[in-house]
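What follows is a set of notes on a single structure, which appears directly below.
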Amino acid sequence: MSGKSRLDFPPPLLFLHIRKTAGSSVRQALTNRFAVEHTLLDWHYQDRRRQRPDGLRFVTGHCSFADVARFTVPPLVLVFLRPAVERALSAYHFYRDIPAHLMQSFRDTLPAEFVAQRERFQVRARALGIERFLRDEEPLARQWLWNVQTRVLTGGTEAEPSPTLDEGALIDTAIANLAACGLIGLTDRLSESLQLIEHSFGWPSLGYEPFANRTEGRPQKEELPQAAIKILNDWNRLDEQLYTAAARRFDESLMGLKQELTGGPGVTIARQDARVFRFDQPILGRGWHPREKYNGEWICWTGIERTATLSLQLSTAGPHRLECRVAHVLDPEILQDVRVGINGFALVPRIDVRKGVVWLTADVPSELVRRSRGVVELELSVQRLMRPSELAPGCGDNRLLG
């Protein structure tokens with residue numbers, strides 16, 4: 001983050017998602033903060049590449065810095081970077097061990113030649129092991145593992161051939177474009193990075209965000225052949241220089257903060273009206289999974305944390321009644337122990353069933369409304385979390401849900 005630490009204008013946010021930099025986790029954290037109608041995800045998909053970003057508030061995908069020029073209103077660019085060899089190793093194991101359902105997703109959304117390269121990467125990496133793969137399949141390996149972060153910031157992507165610029169010009173261009181990014185995050189300092197984003201937008205806490213899209217069971221760096229590590233070190237010297245520049249800028253941003261990193265007036269997304277709230281609207285709260293469609297409507301599961309929060313605006317006085325429609329619950333008994341609070345004050349929840357629809361309700365005293373000064377901080381807590389895979393083994397959904 002450069003210049004002032006808090007934004008005083010609402011430019012669109014472009015998140016350049018570089019693979020294996022915790023981008024999936026960051027995307028999950030950010031997506032709920034923007035309305036569905038103003039959001040474009042997976043901009044790299046074939047059927048979305050032609051879509052113009054004008055009028056949108058949040059755009060993300062495996063894009064490149066060249067996509068900045070496609071905006072009529074210059075966007076605030078966010079990028080996360082990771083130590084070079086750690087990112088390359090993570091990418092190697094990810095491409096070697098891509099599960100079948102994800103490979104099918106690639107076939108459905110990406111150009112055929114890119115999919116063919118990834119399929120060959122997987123086959124050869126599994127057959128040869130990392131050291132032989134890097135040596136015997138060097139052109140293929142370099143395509144996907146050579147200075148990817150630098151290439152993205154010079155206007156390319158990992159799926160494109162290596163740029164023709166000499167290395168000096170390449171890193172100079174990448175560092176110059178990095179300086180033009182409004183926000184920089186570091187994978188190995190994810191919590192601090194999210195705090196900087198919160199502060200920049202004047203948002204309440206994004207909360208705990210588990211690492212998504214993690215490659216399970218991958219060996220530690222120390223367990224791999226040192227010859228393979230040396231090859232990746234040699235291939236990614238530009239990325240290491242870029243990360244060093246990013247880390248220096250990141251530290252400067254942290255030192256420049258002279259006020260609390262969270263709270264304060266929202267400047268990009270106003271609190272939504274508490275009288276009628278839907279989950280296709282910006283969700284200023286924590287503890288929610290990314291929104292999804294269920295029976296034609298947008299819903300959010302709780303469960304990332306035991307307590308989910310929602311910050312809303314209330315402009316009317318007097319006693320109120322809280323009503324939350326329960327779209328789904330894995331076990332009805334979970335509802336019996338749900339706890340509800342507003343601005344730290346515990347309410348008495350009730351479960352009502354009307355025409356087959358379950359509602360969670362509670363009375364809100366007028367004195368509590370008066371003391372709120374127009375801001376309602378809703379808290380929903382559950383005492384037990386479950387995974388869908390517990391009810392349907394083999395479904396592949398291992399999320400903890402409330």
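The values are calculated or read from the model by the stated rules, or taken from the named source; none is laboratory data. All of these numbers come straight from a predicted model, not from anything done at the bench. Glycine gets a Cβ as well: all are built from the backbone with ideal geometry, and neighbour counts include every protein chain shown.
Of the candidates Pro282, Pro225, the single residue that is modelled with pLDDT of 85 or more and outside the structural domain of Pro204 (by TED's automatic domain parsing) is Pro282.
For (1) modelled with pLDDT of 90 or more; (2) exposed (fewer than 14 other Cβ atoms within 10 Å of the Cβ); (3) not assigned by TED's automatic domain parsing to the domain that holds His62, each residue gets a yes or a no:
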site	(1), (2), (3)
Glu131	yes, no, no
Gly155	yes, no, no
Ala159	no, no, no
Pro163	no, no, no
Ala169	yes, yes, no
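Of all residues being surrounded by fewer than 17 Cβ atoms within 10 Å (Cβ to Cβ) and among the small types (Gly, Ala, Ser) in region 288-329, which is nearest to Leu347 (Cα to Cα)? Just the residue, please. Residue satisfying both the conditions and the ranking: Gly318.
For region 18-33, the set of residues classified as over 8 Å from the mean Cα position of the chain (by Cα) and within 12 Å of Phe58 (Cβ to Cβ) consists of Asn32, Arg33, listed by residue number. Criterion first (in a strand (DSSP E or B), over 18 Å from Thr309 (Cβ atoms) and of a type in the set (Val, Ile, Thr)) does Val376 satisfy it? So Val376 fails the test. With respect to the stated conditions, Arg142 is surrounded by fewer than 22 Cβ atoms within 10 Å (Cβ to Cβ), in the same structural domain as Leu81 (by TED's automatic domain parsing), in contact with a helix residue (DSSP H, G or I) (Cβ under 8 Å, 6 or more places away or on another chain) and assigned to a helix (DSSP H, G or I). Being surrounded by fewer than 21 Cβ atoms within 10 Å (Cβ to Cβ), under 28 Å from Arg271 (Cβ atoms) and either at pLDDT 95 or above or of a type in the set (Asp, Glu) (or both) is a description that applies to Asp54. Scanning region 29-82 for residues that are free of Cβ contacts under 8 Å to residues at least 24 places away in the same chain and outside any helix (DSSP H, G or I) yields Thr39, Leu40, Leu41, Arg48, Arg49, Arg50, Gln51, Arg52, Asp54, Gly55, Thr72.
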